[in-house]
1. If you take the residues of segment B:111-133 that are touching a His at 6+ places or on another chain (Cβ under 9 Å), within 14 Å of another protein chain (Cβ to nearest Cβ) and not small (Gly, Ala, Ser), which of them is farthest from B:HIS147 (Cα to Cα)?
2. Give the residue, chosen from B:ALA126, B:ALA130, B:ALA119, B:ALA114, that is touching a Lys or Arg at 6+ places or on another chain (Cβ under 9 Å), small (Gly, Ala, Ser) and surrounded by 15 or more Cβ atoms within 10 Å (Cβ to Cβ).
3. Within segment B:150-169, which residues are closer than 15 Å to B:VAL46 by Cβ and not β-branched (Val, Ile, Thr)?
4. Condition check: within 12 Å of another protein chain (Cβ to nearest Cβ), under 17 Å from the mean Cα position of the chain (by Cα), closer than 19 Å to B:LEU156 by Cα and among the small types (Gly, Ala, Ser). Does B:GLY59 satisfy that?
5. Return only the number of the condition from (1) modelled with pLDDT under 95; (2) within 30 Å of A:ASP99 (Cα to Cα) that B:GLY64 does not satisfy.
6. Quick one: which of B:VAL89, B:VAL46, B:VAL36, B:VAL107 is more than 14 Å from chain A (Cβ to nearest Cβ) and either at pLDDT 95 or above or at positive phi (or both)?
7. Might you let me know whether segment B:41-61 holds any residue that is in contact with a Gly (Cβ under 8 Å, 6 or more places away or on another chain) and over 23 Å from B:VAL151 (Cβ atoms)?
8. From the set of residues in segment B:189-202 that are touching a Leu at 6+ places or on another chain (Cβ under 8 Å) and part of a helix (DSSP H, G or I), which is surrounded by the most Cβ atoms within 10 Å (Cβ to Cβ)?
Amino acid sequence: MTREHATRRAFLATGAAAVATLATAASGLLVPARAQGLAPTPSMRGGANNYLPGAPIVERIGGGGFWMTGSVRRAGDGAPLQGVRIQIWAHTTEGHERDPHSHGATLTDAQGRFRLEMPQIVPAFGQPHGHLAYDDAAFETVFLRPVMPSSRDTSLSADFVLQPA
Amino acid sequence: MASTRAVLIWGALAVAVIVPVAIAAHSPLLAWRSPVYIAAGLAGVVAMTLVLFQPLLVGGYLPGLPRPRGRRLHRWVGAALVTAVALHVAGLWLTSPPDVIDALLFVSPTPFSAWGVIAMWTVFAAASLAALRRRLRLRPRVWRLGHTALVMVVVLGSVVHALLIEGTMGTVSKVVLCALILAVTVKVLLDLRTWALLARSWR
(Lines give C-alpha, C1' and ligand atoms only; values in the text may rest on other atoms or scores of the structure.)
Protein backbone atom coordinates (compact mmCIF):
# COMPACT_ATOMS: atom_id res chain seq x y z
CA MET A 1 0.00 0.00 0.00
CA THR A 2 1.41 3.36 -1.00
CA ARG A 3 1.57 6.09 1.57
CA GLU A 4 -0.86 8.92 0.93
CA HIS A 5 0.96 11.68 2.79
CA ALA A 6 3.80 13.50 1.14
CA THR A 7 7.32 12.33 1.73
CA ARG A 8 10.13 14.84 2.06
CA ARG A 9 11.53 13.72 -1.30
CA ALA A 10 8.18 14.17 -3.06
CA PHE A 11 7.77 17.56 -1.44
CA LEU A 12 11.18 18.72 -2.59
CA ALA A 13 10.64 17.34 -6.10
CA THR A 14 7.25 19.05 -6.45
CA GLY A 15 8.64 22.27 -5.05
CA ALA A 16 11.60 22.21 -7.39
CA ALA A 17 9.35 21.50 -10.36
CA ALA A 18 7.10 24.41 -9.38
CA VAL A 19 10.07 26.76 -9.04
CA ALA A 20 11.43 25.57 -12.38
CA THR A 21 8.06 26.15 -14.04
CA LEU A 22 7.82 29.62 -12.57
CA ALA A 23 11.41 30.42 -13.59
CA THR A 24 10.74 29.25 -17.14
CA ALA A 25 7.58 31.32 -17.31
CA ALA A 26 9.40 34.36 -15.89
CA SER A 27 12.33 34.00 -18.26
CA GLY A 28 9.84 33.76 -21.11
CA LEU A 29 8.61 37.18 -20.05
CA LEU A 30 12.07 38.71 -19.67
CA VAL A 31 13.95 37.24 -22.61
CA PRO A 32 12.48 37.72 -26.09
CA ALA A 33 11.34 34.55 -27.81
CA ARG A 34 14.18 32.56 -29.35
CA ALA A 35 12.63 32.89 -32.83
CA GLN A 36 13.11 36.68 -32.63
CA GLY A 37 16.82 35.87 -32.69
CA LEU A 38 20.04 37.79 -32.81
CA ALA A 39 19.74 41.51 -33.61
CA PRO A 40 21.97 42.92 -36.38
CA THR A 41 25.00 45.04 -35.38
CA PRO A 42 24.37 48.74 -36.08
CA SER A 43 27.12 50.82 -37.71
CA MET A 44 29.13 52.90 -35.25
CA ARG A 45 29.53 56.68 -35.40
CA GLY A 46 32.54 57.60 -37.50
CA GLY A 47 32.98 53.97 -38.56
CA ALA A 48 33.04 54.81 -42.27
CA ASN A 49 35.60 57.63 -41.93
CA ASN A 50 38.46 57.35 -44.45
CA TYR A 51 36.91 54.20 -45.96
CA LEU A 52 38.39 53.23 -49.33
CA PRO A 53 36.00 50.74 -50.97
CA GLY A 54 37.40 47.53 -52.38
CA ALA A 55 40.48 46.98 -50.21
CA PRO A 56 42.36 43.94 -51.56
CA ILE A 57 42.35 40.63 -49.68
CA VAL A 58 45.85 40.39 -48.21
CA GLU A 59 47.95 37.94 -46.20
CA ARG A 60 48.71 40.81 -43.82
CA ILE A 61 48.70 44.62 -43.90
CA GLY A 62 52.27 45.95 -44.01
CA GLY A 63 54.79 44.43 -41.62
CA GLY A 64 52.24 43.14 -39.11
CA GLY A 65 52.72 42.72 -35.36
CA PHE A 66 49.14 43.60 -34.38
CA TRP A 67 46.06 41.39 -34.73
CA MET A 68 42.56 42.46 -35.71
CA THR A 69 40.17 39.64 -34.92
CA GLY A 70 36.44 39.06 -34.80
CA SER A 71 33.44 37.07 -35.92
CA VAL A 72 30.64 37.36 -38.45
CA ARG A 73 27.20 35.84 -37.83
CA ARG A 74 23.83 36.08 -39.47
CA ALA A 75 21.11 38.10 -37.76
CA GLY A 76 18.20 35.99 -36.51
CA ASP A 77 19.61 32.49 -36.14
CA GLY A 78 23.20 33.58 -35.34
CA ALA A 79 24.68 31.14 -37.87
CA PRO A 80 28.40 31.73 -38.51
CA LEU A 81 29.04 33.10 -41.99
CA GLN A 82 31.93 31.69 -44.01
CA GLY A 83 33.81 33.48 -46.79
CA VAL A 84 32.58 36.95 -45.84
CA ARG A 85 34.95 39.80 -46.76
CA ILE A 86 35.83 42.17 -43.91
CA GLN A 87 37.78 45.32 -44.78
CA ILE A 88 40.11 46.75 -42.14
CA TRP A 89 42.01 50.05 -41.82
CA ALA A 90 43.55 52.20 -39.10
CA HIS A 91 46.20 54.79 -38.27
CA THR A 92 49.24 52.61 -37.56
CA THR A 93 52.98 52.85 -37.18
CA GLU A 94 53.15 52.50 -40.96
CA GLY A 95 50.62 55.04 -42.16
CA HIS A 96 47.59 57.27 -41.80
CA GLU A 97 44.03 56.03 -42.18
CA ARG A 98 43.78 57.70 -45.58
CA ASP A 99 46.85 55.92 -46.99
CA PRO A 100 45.83 53.07 -49.30
CA HIS A 101 48.56 50.85 -47.81
CA SER A 102 46.84 51.11 -44.42
CA HIS A 103 43.87 49.20 -45.85
CA GLY A 104 43.37 45.47 -46.35
CA ALA A 105 40.70 42.79 -46.30
CA THR A 106 40.31 39.20 -45.15
CA LEU A 107 37.73 36.41 -45.38
CA THR A 108 35.96 34.57 -42.54
CA ASP A 109 36.58 30.86 -41.94
CA ALA A 110 34.00 28.06 -41.53
CA GLN A 111 33.31 29.22 -37.95
CA GLY A 112 32.68 32.78 -39.17
CA ARG A 113 35.90 34.03 -37.59
CA PHE A 114 38.43 36.39 -39.15
CA ARG A 115 41.94 37.37 -38.15
CA LEU A 116 44.23 39.77 -40.00
CA GLU A 117 47.72 40.82 -39.02
CA MET A 118 48.52 44.51 -39.46
CA PRO A 119 50.94 47.15 -38.11
CA GLN A 120 50.53 48.39 -34.53
CA ILE A 121 47.58 50.79 -34.18
CA VAL A 122 48.63 54.11 -32.58
CA PRO A 123 46.38 56.84 -31.14
CA ALA A 124 45.06 59.18 -33.82
CA PHE A 125 42.45 61.89 -33.43
CA GLY A 126 42.59 61.36 -29.69
CA GLN A 127 41.90 57.62 -29.44
CA PRO A 128 43.66 54.39 -30.44
CA HIS A 129 41.02 52.86 -32.69
CA GLY A 130 40.47 50.70 -35.74
CA HIS A 131 37.94 50.62 -38.56
CA LEU A 132 36.17 47.57 -40.02
CA ALA A 133 33.63 47.32 -42.79
CA TYR A 134 31.31 44.75 -44.24
CA ASP A 135 30.30 46.22 -47.60
CA ASP A 136 29.17 43.55 -50.06
CA ALA A 137 25.89 42.62 -51.71
CA ALA A 138 24.53 39.74 -49.62
CA PHE A 139 24.01 41.65 -46.37
CA GLU A 140 23.40 45.22 -45.30
CA THR A 141 26.54 47.35 -44.95
CA VAL A 142 28.03 47.74 -41.46
CA PHE A 143 30.93 50.00 -40.40
CA LEU A 144 32.56 49.48 -37.00
CA ARG A 145 35.04 51.65 -35.09
CA PRO A 146 36.27 49.77 -32.00
CA VAL A 147 38.51 51.63 -29.53
CA MET A 148 41.45 49.91 -27.82
CA PRO A 149 41.16 49.88 -24.00
CA SER A 150 44.89 50.71 -23.93
CA SER A 151 47.13 52.02 -26.70
CA ARG A 152 49.66 49.33 -25.62
CA ASP A 153 47.30 46.53 -26.68
CA THR A 154 48.55 44.42 -29.57
CA SER A 155 45.14 43.19 -30.67
CA LEU A 156 41.61 44.44 -31.12
CA SER A 157 38.41 42.59 -31.91
CA ALA A 158 35.04 43.41 -33.41
CA ASP A 159 32.00 41.22 -34.03
CA PHE A 160 29.48 41.57 -36.84
CA VAL A 161 25.88 40.33 -36.89
CA LEU A 162 24.68 40.94 -40.45
CA GLN A 163 21.17 41.52 -41.71
CA PRO A 164 20.46 39.79 -45.05
CA ALA A 165 19.98 42.48 -47.70
CA MET B 1 62.62 91.53 -3.27
CA ALA B 2 60.31 92.71 -6.01
CA SER B 3 62.71 91.50 -8.65
CA THR B 4 63.02 88.08 -6.97
CA ARG B 5 59.25 87.78 -7.06
CA ALA B 6 59.23 88.80 -10.72
CA VAL B 7 61.86 86.20 -11.57
CA LEU B 8 59.92 83.51 -9.70
CA ILE B 9 56.60 84.34 -11.38
CA TRP B 10 58.06 84.57 -14.88
CA GLY B 11 60.15 81.44 -14.25
CA ALA B 12 57.14 79.43 -13.10
CA LEU B 13 55.12 80.63 -16.06
CA ALA B 14 57.92 79.73 -18.47
CA VAL B 15 58.10 76.21 -17.00
CA ALA B 16 54.30 75.82 -17.11
CA VAL B 17 54.27 76.82 -20.79
CA ILE B 18 57.53 75.43 -22.18
CA VAL B 19 57.38 71.98 -20.54
CA PRO B 20 54.04 70.86 -22.05
CA VAL B 21 55.02 72.16 -25.49
CA ALA B 22 58.45 70.50 -25.28
CA ILE B 23 56.96 67.17 -24.16
CA ALA B 24 54.39 67.29 -26.98
CA ALA B 25 57.16 68.16 -29.44
CA HIS B 26 59.04 65.00 -28.39
CA SER B 27 56.05 62.65 -28.26
CA PRO B 28 56.72 59.18 -29.72
CA LEU B 29 53.42 59.54 -31.60
CA LEU B 30 55.04 62.16 -33.87
CA ALA B 31 57.10 59.43 -35.57
CA TRP B 32 53.90 58.13 -37.15
CA ARG B 33 52.34 61.45 -38.12
CA SER B 34 52.64 63.65 -41.18
CA PRO B 35 54.06 67.20 -40.78
CA VAL B 36 50.60 68.74 -41.19
CA TYR B 37 49.14 66.52 -38.45
CA ILE B 38 52.12 67.31 -36.17
CA ALA B 39 51.67 71.05 -36.75
CA ALA B 40 47.93 70.78 -36.11
CA GLY B 41 48.51 69.02 -32.79
CA LEU B 42 51.17 71.49 -31.67
CA ALA B 43 48.93 74.42 -32.62
CA GLY B 44 46.38 72.98 -30.19
CA VAL B 45 49.00 72.69 -27.43
CA VAL B 46 50.17 76.27 -28.07
CA ALA B 47 46.55 77.44 -27.98
CA MET B 48 46.19 75.88 -24.52
CA THR B 49 49.26 77.75 -23.27
CA LEU B 50 47.92 81.02 -24.71
CA VAL B 51 44.67 80.42 -22.80
CA LEU B 52 46.77 80.51 -19.60
CA PHE B 53 48.24 83.92 -20.51
CA GLN B 54 44.86 85.60 -21.03
CA PRO B 55 43.58 85.80 -17.43
CA LEU B 56 47.14 86.58 -16.20
CA LEU B 57 47.32 89.56 -18.57
CA VAL B 58 43.82 90.83 -17.98
CA GLY B 59 44.29 90.64 -14.22
CA GLY B 60 47.64 92.45 -14.43
CA TYR B 61 49.30 89.64 -12.47
CA LEU B 62 52.50 89.47 -14.48
CA PRO B 63 55.41 91.57 -13.21
CA GLY B 64 56.16 94.42 -15.63
CA LEU B 65 52.72 94.09 -17.22
CA PRO B 66 50.25 95.99 -15.05
CA ARG B 67 46.65 96.26 -16.21
CA PRO B 68 46.78 98.88 -18.98
CA ARG B 69 49.79 97.28 -20.64
CA GLY B 70 48.61 93.77 -19.80
CA ARG B 71 45.24 94.50 -21.40
CA ARG B 72 46.89 95.68 -24.61
CA LEU B 73 48.93 92.49 -24.78
CA HIS B 74 45.75 90.51 -23.94
CA ARG B 75 44.35 91.64 -27.32
CA TRP B 76 47.41 90.46 -29.22
CA VAL B 77 47.49 87.14 -27.39
CA GLY B 78 43.77 86.81 -28.13
CA ALA B 79 44.47 87.24 -31.83
CA ALA B 80 47.27 84.67 -31.60
CA LEU B 81 44.92 82.28 -29.80
CA VAL B 82 42.29 82.57 -32.55
CA THR B 83 45.03 81.95 -35.14
CA ALA B 84 46.32 78.88 -33.25
CA VAL B 85 42.81 77.41 -32.99
CA ALA B 86 42.23 78.04 -36.71
CA LEU B 87 45.53 76.31 -37.57
CA HIS B 88 44.67 73.41 -35.24
CA VAL B 89 41.31 72.79 -36.95
CA ALA B 90 42.62 73.41 -40.47
CA GLY B 91 45.52 70.99 -39.96
CA LEU B 92 43.23 68.31 -38.58
CA TRP B 93 40.87 68.87 -41.51
CA LEU B 94 43.70 68.29 -43.98
CA THR B 95 44.76 65.17 -42.07
CA SER B 96 41.34 63.54 -41.87
CA PRO B 97 38.41 65.55 -43.30
CA PRO B 98 35.59 63.18 -42.24
CA ASP B 99 36.71 63.21 -38.59
CA VAL B 100 36.68 67.02 -38.51
CA ILE B 101 33.34 67.24 -40.31
CA ASP B 102 31.87 64.81 -37.75
CA ALA B 103 33.25 66.96 -34.95
CA LEU B 104 31.87 70.20 -36.41
CA LEU B 105 28.46 68.57 -36.87
CA PHE B 106 28.53 67.19 -33.30
CA VAL B 107 28.21 63.59 -34.53
CA SER B 108 31.75 62.50 -33.67
CA PRO B 109 32.19 59.22 -31.76
CA THR B 110 34.75 60.95 -29.51
CA PRO B 111 33.25 63.05 -26.68
CA PHE B 112 36.19 65.47 -26.55
CA SER B 113 35.45 66.68 -30.08
CA ALA B 114 32.22 68.37 -29.04
CA TRP B 115 33.99 70.16 -26.17
CA GLY B 116 36.69 71.34 -28.57
CA VAL B 117 34.17 72.60 -31.11
CA ILE B 118 32.21 74.44 -28.40
CA ALA B 119 35.45 76.03 -27.17
CA MET B 120 36.35 76.99 -30.76
CA TRP B 121 33.07 78.78 -31.48
CA THR B 122 33.05 80.53 -28.12
CA VAL B 123 36.66 81.73 -28.50
CA PHE B 124 35.78 83.06 -31.97
CA ALA B 125 32.71 84.77 -30.48
CA ALA B 126 34.69 86.24 -27.56
CA ALA B 127 37.32 87.59 -29.96
CA SER B 128 34.69 88.94 -32.39
CA LEU B 129 32.95 90.69 -29.54
CA ALA B 130 36.26 92.31 -28.58
CA ALA B 131 37.01 93.32 -32.18
CA LEU B 132 33.53 94.73 -32.83
CA ARG B 133 33.00 96.22 -29.41
CA ARG B 134 33.30 99.84 -30.57
CA ARG B 135 31.52 99.38 -33.88
CA LEU B 136 28.57 97.67 -32.19
CA ARG B 137 28.63 100.43 -29.53
CA LEU B 138 28.25 97.80 -26.83
CA ARG B 139 27.45 99.06 -23.38
CA PRO B 140 30.40 98.36 -21.08
CA ARG B 141 28.22 96.14 -18.91
CA VAL B 142 27.00 94.07 -21.87
CA TRP B 143 30.52 93.83 -23.26
CA ARG B 144 32.11 92.67 -20.01
CA LEU B 145 29.39 90.20 -19.10
CA GLY B 146 29.31 88.84 -22.66
CA HIS B 147 33.08 88.48 -23.01
CA THR B 148 33.37 86.93 -19.53
CA ALA B 149 30.55 84.42 -20.10
CA LEU B 150 32.00 83.34 -23.45
CA VAL B 151 35.49 83.03 -22.04
CA MET B 152 34.28 80.86 -19.17
CA VAL B 153 32.90 78.43 -21.75
CA VAL B 154 36.19 78.60 -23.69
CA VAL B 155 38.19 77.71 -20.58
CA LEU B 156 35.91 74.88 -19.48
CA GLY B 157 35.53 73.50 -23.01
CA SER B 158 39.22 73.56 -23.87
CA VAL B 159 40.26 72.03 -20.52
CA VAL B 160 37.80 69.12 -20.86
CA HIS B 161 38.78 68.75 -24.55
CA ALA B 162 42.48 68.52 -23.66
CA LEU B 163 42.06 66.20 -20.68
CA LEU B 164 39.97 63.63 -22.58
CA ILE B 165 42.37 63.35 -25.51
CA GLU B 166 45.04 60.68 -25.77
CA GLY B 167 47.48 62.69 -27.84
CA THR B 168 50.99 64.09 -27.86
CA MET B 169 50.76 66.01 -24.56
CA GLY B 170 52.26 64.40 -21.46
CA THR B 171 49.63 63.53 -18.86
CA VAL B 172 51.21 65.34 -15.92
CA SER B 173 52.17 68.55 -17.75
CA LYS B 174 48.71 68.61 -19.34
CA VAL B 175 46.91 68.27 -16.00
CA VAL B 176 49.17 70.94 -14.43
CA LEU B 177 48.55 73.35 -17.31
CA CYS B 178 44.78 72.78 -17.16
CA ALA B 179 44.74 73.23 -13.37
CA LEU B 180 46.68 76.50 -13.69
CA ILE B 181 44.29 77.76 -16.37
CA LEU B 182 41.27 77.01 -14.16
CA ALA B 183 42.90 78.50 -11.05
CA VAL B 184 43.97 81.76 -12.73
CA THR B 185 40.61 82.14 -14.47
CA VAL B 186 38.75 81.74 -11.17
CA LYS B 187 41.15 84.19 -9.49
CA VAL B 188 40.67 86.90 -12.10
CA LEU B 189 36.88 86.44 -12.01
CA LEU B 190 36.94 86.89 -8.23
CA ASP B 191 39.38 89.82 -8.33
CA LEU B 192 37.56 91.73 -11.05
CA ARG B 193 34.17 90.96 -9.50
CA THR B 194 32.56 90.55 -12.90
CA TRP B 195 29.48 88.94 -11.39
CA ALA B 196 28.78 92.20 -9.53
CA LEU B 197 27.63 93.55 -12.91
CA LEU B 198 24.77 91.06 -12.80
CA ALA B 199 23.54 92.39 -9.48
CA ARG B 200 24.11 96.07 -10.14
CA SER B 201 21.16 97.95 -11.60
CA TRP B 202 21.59 99.60 -14.98
CA ARG B 203 23.07 103.08 -14.84
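The values are calculated or read from the model by the stated rules, or taken from the named source; none is laboratory data. Here the structure is a predicted model, which is why all the values come from computation and not from measurement. Backbone-built Cβ (ideal geometry, glycine too); neighbour counts: all protein chains shown.
1. Checking each candidate, the answer is B:PHE112.
2. B:ALA130 is the lone residue from the list that is touching a Lys or Arg at 6+ places or on another chain (Cβ under 9 Å), small (Gly, Ala, Ser) and surrounded by 15 or more Cβ atoms within 10 Å (Cβ to Cβ).
3. Of everything in segment B:150-169, those that are closer than 15 Å to B:VAL46 by Cβ and not β-branched (Val, Ile, Thr) turn out to be B:SER158, B:HIS161, B:ALA162, B:GLY167, B:MET169.
4. no
5. With respect to (1) modelled with pLDDT under 95; (2) within 30 Å of A:ASP99 (Cα to Cα), B:GLY64 is out only on (2).
6. Every option except B:VAL46 fails the conditions.
7. Yes: segment B:41-61 contains one or more residues that are in contact with a Gly (Cβ under 8 Å, 6 or more places away or on another chain) and over 23 Å from B:VAL151 (Cβ atoms).
8. Per the criteria, the residue is B:LEU197.
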